[in-house]
Amino acid sequence: NLTTIGGSALRYLSLTGGVTIPSTVNSIGTLAFALNKLDWVDNGDGDKTGPFVYSRNSDGSINKASLLSYAGYSKSHVDIPSSVKTIQSHAFYYTYTKSVTIPEGVTTIGNNAFELCKLEGTVVIPSTVTSIGQNAFKKQITWTSMNGSLDKIVNKTGRSFNWQSITG
């Protein structure tokens, strides 16, 4: 039985349609599903609501509070599910997502979470966010064709963050 999907294991495969992660999987590495074009992911619970890959708890159960990866590719808008409290490192890495709604309740945005994402316009950081990782919204300056035109990050937290390190 498959128990682990390693980091970058399925990266760059341009998978389409959907994928079911066996319920026997208790560990999924960073970037395991990056750069795919999936419409849905079944995390092992029969729920096919979108291309979201969730972390696993230590007992192997699905942790829908921890978004590990967005396995879609080019979508004009993504609503992050309201169950999510943590957006993990590289969760939206290199996606062509143009806009995103981060729900109230999210507390952590990991390192490089939206790196090389084609975000445009404005991203609103909800008031519940207490931590934003380095390069969370980093653009690759030398690859201008990859960058969106994100021109504003609205901070509703009332907290001070090191925006230089967040935007790269």
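Each Cα pair under 8 Å and six or more residues apart adds its sequence gap; the mean of these over the residue count of the chain is a relative contact order of 14 percent.
If you work out P(r) over Cα pairs in 10 Å bins from 0, in percent from the coordinates, which of (i) 11, 32, 30, 19, 7, 1; (ii) 11, 42, 34, 12, 1; (iii) 8, 23, 20, 11, 7, 7, 6, 6, 5, 4, 2, 0 do you get? Step by step, P(r) over Cα pairs in 10 Å bins from 0, in percent for this structure corresponds to label (ii). Loop-resident GluC sites (Glu not before Pro) (DSSP state other than H, G, I, E or B) in the range 93-131 with no more than 14 further Cβ atoms inside 10 Å of their Cβ: Glu104. Considering only DSSP beta bridges with both partners in the chain, what is the antiparallel share in %, to the nearest 5? Given both bridge residues lie in the chain, the antiparallel proportion sits at roughly 20 percent. Per residue, the chain exposes 46 Å² of solvent-accessible protein surface, assessed with a 1.4 angstrom probe and all protein chains in place. For Val78, the residues 5 or more places off, or on other chains, whose built amide H falls under 5 Å of its own are Ser99, Val100, Thr101.
With contributions of -39500 (n - 2.57) from each DSSP H run of at least four residues, the per-residue ellipticity at 222 nm computed over the chain stands at -500 deg cm²/dmol. In this structure the amide hydrogen of Asp39, modeled in the peptide plane, comes within under 5 Å of the amide hydrogens of Gly17, Gly18, none closer than 5 places in sequence on its chain.
The values are calculated or read from the model by the stated rules, or taken from the named source; none is laboratory data. Because the structure is a prediction, the values reported are computed rather than measured. Because the Cβ atoms are built from the backbone with ideal geometry, glycine has one as well, and the counts that use them run over all protein chains shown. Only protein heavy atoms, including side chains, enter the accessible area calculation; ligands, DNA and RNA are left aside. Shrake-Rupley method; radii C 1.70, N 1.55, O 1.52, S 1.80 Å.
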